[in-house]
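Peer 1: Before I ask anything, here is the structure I am working with.
The values are calculated or read from the model by the stated rules, or taken from the named source; none is laboratory data. Values in this document were obtained by computation on a predicted structure and should not be read as measured data. Note: ideal-geometry Cβ built from the backbone for every residue, glycine included; neighbour counts use all protein chains shown. Surface areas here come from the heavy atoms of the whole protein model, side chains and all, with no ligands, DNA or RNA. Shrake-Rupley method; radii C 1.70, N 1.55, O 1.52, S 1.80 Å.
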Amino acid sequence: MSVQIGICDDCPEDIKTLAEALYHYDPAFQISTYSSGESLLAACKEHEVLWDLLFLDIYMPELSGIDTAQQLRSDRKDIKIIFVSSSNEHYPEAYDVFAFNYLIKPLNREKLKHILDQALSDLSKEREEQISFRHKGGVYRVYCRDIQYIESRDKMILLHMEDKTVFQTYGKMDEILKQLPEEYFIRCHQSFAVNILHVSEMSENRFRVDPAVISISKKHITSAKQKYFAYLFEHMNKGL
């Protein structure tokens with residue numbers, strides 16, 4: 001599992017110590033480093049890298065680690081943030097921004113190992129529910145359940161999200177569907193697949209995924225109906 005890690009600290013020696021400890025845990029980690037909250041946020045805005053874990057120093061000039069995390073959370077709620085500090089007085093503020101954990105300097109490698117074990121275990125489970133892709137030069141990751149439907153247009157794949165965001169990426173429908181939970185996505189047309197979780201109505205030859213109406217082609221009508229009704233039957237039996 002490829003893991004992207006960010007380290008943000010204004011002390012080069014602390015960055016070096018933490019990076020060495022991380023590589024000792026797993027040499028395959030992909031680590032990017034930042035010397036200020038401002039440079040970290042700039043990289044996030046450009047979507048230059050998609051961090052899974054972020055080690056964020058609290059005491060930094062101008063923009064503190066807490067302030068950096070608050071701004072980061074407005075756009076990126078999925079990153080696991082581990083604060084690093086010489087003091088434990090910022091615990092309450094750390095958890096206000098949904099920190100994953102908190103490390104006290106100087107670095108305790110045993111505590112770091114414990115945090116990484118838990119973080120990677122959680123990350124492995126989350127990866128099964130997510131899909132990552134490139135969009136307008138950036139790297140993105142979204143939860144599959146938040147995709148309403150998928151559209152293939154020319155050589156582009158359009159992911160229509162629940163919040164009405166539309167992501168575009170190069171690819172083919174068959175390739176995208178292989179990366180998604182098979183039980184939730186129905187191929188209903190050469191150019192469309194819908195997420196069962198977002199279907200509000202099915203008629204003779206269309207799905208309604210509010211506000212869109214998606215046609216079901218003759219080629220896919222039998223398999224689409226079978227899959228949809230099987231899903232409804234299963235969840236009726238569960239009382240859902």
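Peer 1: If you take every DSSP beta bridge whose two residues both sit in the chain, what share of them, in percent to the nearest 5, is antiparallel?
Peer 2: 60
Peer 1: So with the 1.4 Å probe, I'd like the accessible area per residue for the chain, rounded to whole Å².
Peer 2: Dividing the accessible area of the chain by its residue count gives 55 Å².
Peer 1: Checking the table LYS113/LYS178; LYS45/LYS164; LYS105/LYS125 against a 24 Å threshold on Cα-Cα, which pairs fail?
Peer 2: Beyond 24 Å: LYS113/LYS178; LYS105/LYS125.
Peer 1: In terms of Cα to Cα distance under 12 Å, which aspartates and glutamates are near enough to LYS172, apart from those fewer than 8 places away along the same chain?
Peer 2: Straight-line reach from LYS172, under 12 Å: GLU151, ASP154.
Peer 1: Hey, another quick one. Against the longest alpha carbon principal axis of the chain, how many degrees, from 0 to 90 and to the nearest 10, is the axis of helix 12-25 turned?
Peer 2: 50
Peer 1: Follow-up question, since we're still on this one. Got a number for carbon plus sulfur as a percent of the stretch 69-147's accessible area, 1.4 Å probe?
Peer 2: 47
Peer 1: May I pose another question? How big is the dipole moment of the stretch 26-70 about its Cα centre under a simple scheme where the beta carbon of each Lys and Arg is +1, that of each Asp and Glu is -1, and everything else is neutral? Debye, nearest 20, please.
Peer 2: On the way: 1 positive and 8 negative charges, 5 e Å.
About 20 debye.
Peer 1: So what's the angle, to the nearest 10 degrees on a 0 to 90 scale, between helix 221-237 and the longest Cα principal axis of the chain?
Peer 2: Tilt relative to the chain: about 60 degrees.
Peer 1: State whether the stretch 112-208 is rounded, prolate or oblate according to the following rule on the C-alpha gyration tensor (a ≥ b ≥ c being the square roots of its eigenvalues): a/c under 1.5 gives rounded; otherwise a/b larger than b/c gives prolate, and the remaining case gives oblate.
Peer 2: prolate
Peer 1: Just checking my list (1) 12.3; (2) 14.5; (3) 15.2 against mean projected area of the Cα convex hull in nm² computed from this structure; which label fits?
Peer 2: Step by step, mean projected area of the Cα convex hull in nm² for this structure corresponds to label (3).
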